[in-house]
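Some notes on the structure that comes next.
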Amino acid sequence: MKILVIGSGGREHAIVEAISRSPKASKIYAAPGNAGIAQLAECVAIKDTEVEKLVEFAKSHNVELTVVGPEAALAVGVVDRFREEGLAIFGPTKAAAEIEASKDFAKRLMVKYDVPTAAYATFTDFDEAMAYVRKGTLPTVLKYDGLAAGKGVVIAETMEEAEATLRDMLLDTKFGEGRVVIEEFLTGEEFSLMCFVAGNKISPMPVAQDHKRAYDNDEGPNTGGMGAYTELPFISAEDHAYAMEKIMQRVADAMVAEGTPFTGVLYGGLMKTPQGIKVIEFNARFGDPETEVVLPRLKSDAVEVFMAVANNEQPAAEWSEGATLGIVLASKGYPGSYDKGAVIRGTERVESKIYHMGTAKKDGELVTAGGRVMIVVAEAATLREAQQKAEADVALVECDNLFHRTDIGAKAFK
Ligand code: AMP
Ligand code: GLY
């Protein structure tokens, strides 16, 4: 089969690598792909949101299955267009992807179907929003309603901060048209539960934990994710069963009942609070960097799993025992401004998997070309071993403009 993967990050590198392990894959294309993906697939210069070009490419190259990585492609309706043309595609329709694109849609769905989540209210009017915040407690959680590339959530510790944020979100047009979801502040361990979903048929992936802050001990600014691991000791079998039944299955059923059945990956961003497991957010796609630590454990044929979902059949995914841990190498300065073009050496000595996030080839050498540059993912029998192996392998990568966190997985050992 000829397969097309849409996207260009570490997540898509992991997807391409999983597909490359399938005997069913005869040719893999990536649009637009990256320098790491280029080792496994033919990269084609089409952006993830250029829907008509993607459709045309899939048709003219007899692509039999397309897998969508980024939310931006879903939000412009790539799945809807492929389906109109009778092309098999893995991902949700634009209407189903609203569960990620609109916080308000997700919240209303959860309340209607009794899915545990933080209490909330939605506002478009600045004065009404401020009145609500003044009545409530601090900190308070302010979420811009719409795709904001991870920058749309502010946890305001003071009334002044809340006011300034609401001004930004509702009065200035910094974020575009203003609508804000104000939420109760929850506490607890966060974890990511991704499921393959085909209508009401669902199949879980191993639970993972992301590390969103730039520096050790969860300090510094939010990023696209500085590392992740699988096998979370604080999530019991009972917690998992609860999250599957009361959250993931319930939402899959709700989407069918609402006439917007979900197909693809439903990502539950969950928190284990003192009052039980609750939803922080949903995403309509594979998480990044969770995918990079989850897909290496896929024992089933990835093409069969993706195809089953695309055909609305029960996905059956099996996973290896053991644990994985991934450490992101990012450009110094990220998530603020940073230089590009620093030479990277030593990757050939790394035994772990390396997924490229922002690299390029220049004069035959690998160079940095983005904020997050690559993720080194180790697999081992235990999480401790995976952590040691990942750290040892990261030390082999030579580049004078990269940094990484040294505490990925630390919460598992507390
Ligand atoms: P997001 O950008 O939507 O991934 O959210 C960023 C982060 O904000 C989440 O990963 C949580 O750490 C935090 N967060 C979001 N909602 C809440 C909430 N209701 N209570 C506490 N923390 C939250
Ligand atoms: N790891 C968080 C996300 O993919 O949105």
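Computed from the coordinates by the stated procedures, all read-outs in this text should not be read as laboratory data. On a predicted model such as this, the values are computed, not experimentally measured, just so you know. Glycine also receives a Cβ, built like all others from the backbone with ideal geometry; neighbour counts cover every protein chain displayed.
Among H211, G199, N222, whose Cα sits farthest toward the positive end of the charge dipole of segment 171-231 (+1 at Cβ of Lys/Arg, -1 at Cβ of Asp/Glu, about the Cα centre)?
Final value for the positive-end residue is G199.
Based on Cβ point charges of +1 for Lys and Arg and -1 for Asp and Glu, what charge dipole magnitude is obtained for the chain about its Cα centre, in debye rounded to the nearest 20?
Dipole about the Cα centre, nearest 20: 460 debye.
Considering only DSSP states other than H, G, I, E and B, which GluC sites (Glu not before Pro) in segment 289-318 qualify as loop sites with at most 15 other Cβ atoms within 10 Å?
E313, E318
Before anything else, pin down the relative contact order of segment 80-146: Cα pairs under 8 Å, at least 6 apart, normalised by residue count, whole percent.
30 percent
Give me the aspartates and glutamates in straight-line cross-link reach of K135: C-alpha distance below 14 Å, same-chain residues under 8 apart excluded.
Qualifying aspartates and glutamates at Cα under 14 Å: D127, E163, E183, E184.
Taking every pair of alpha-carbon atoms in segment 169-232, what share in percent sits in each 10 Å bin, from 0 to the bin with the longest distance?
The distribution over segment 169-232 is 16, 27, 36, 20, 1, given as percents.
Quick check: convex hull over the Cα atoms of segment 111-236, volume per residue in Å³, rounded to an integer?
157 Å³
If Lys and Arg each add +1 and Asp and Glu each add -1, what is the summed charge of the other residues whose beta carbon sits under 13 Å from the beta carbon of L402?
Here the charged neighbours net out to +2.
At what distance in angstrom do the alpha carbon centres of segment 261-292 and segment 103-126 lie from each other?
First find each Cα centre; the distance between them is then 16 Å.
Roughly how compact is the chain, stated as its Cα Rg over 2.2 N^0.38 Å to two decimals?
0.96
Could you let me know the centre-to-centre spacing of segment 369-403 and segment 244-259, using Cα atoms, in angstrom?
Cα centroid of segment 369-403 versus Cα centroid of segment 244-259: 37 Å apart.
Where does the chain land at 222 nm, in deg cm²/dmol rounded to the nearest 500, when only DSSP H runs of n ≥ 4 count, each adding -39500 (n - 2.57), divided by all residues?
Counting only the DSSP helices, I get -7000 deg cm²/dmol.
Need the C-alpha centroid separation for segment 1-54 versus segment 161-212, integer Å.
Segment 1-54 and segment 161-212 have Cα centres separated by 27 Å.
Near V251, within a Cβ-to-Cβ distance under 14 Å, what is the net charge of the other residues, with Lys and Arg +1 and Asp and Glu -1?
Local net charge: 0.
Which net charge results when you count Lys and Arg as +1 and Asp and Glu as -1 among the other residues whose beta-carbon is under 13 Å from that of A30?
Here the count lands on 0.
What GluC sites (Glu not before Pro) does segment 34-99 have in DSSP loop regions with at most 13 other beta carbons within 10 Å?
Here the GluC sites (Glu not before Pro) that fit, given the DSSP loop and packing criteria, are E85.
Taking the radius of gyration and the Kirkwood hydrodynamic radius from Cα positions alone, what is the Rg/Rh ratio for segment 41-146, to two decimal places?
For segment 41-146, the value is 1.16.
Given Cα positions, please report Rg to Rh for segment 84-131, the hydrodynamic radius being the Kirkwood one.
Over the Cα atoms of segment 84-131, Rg/Rh equals 1.17.
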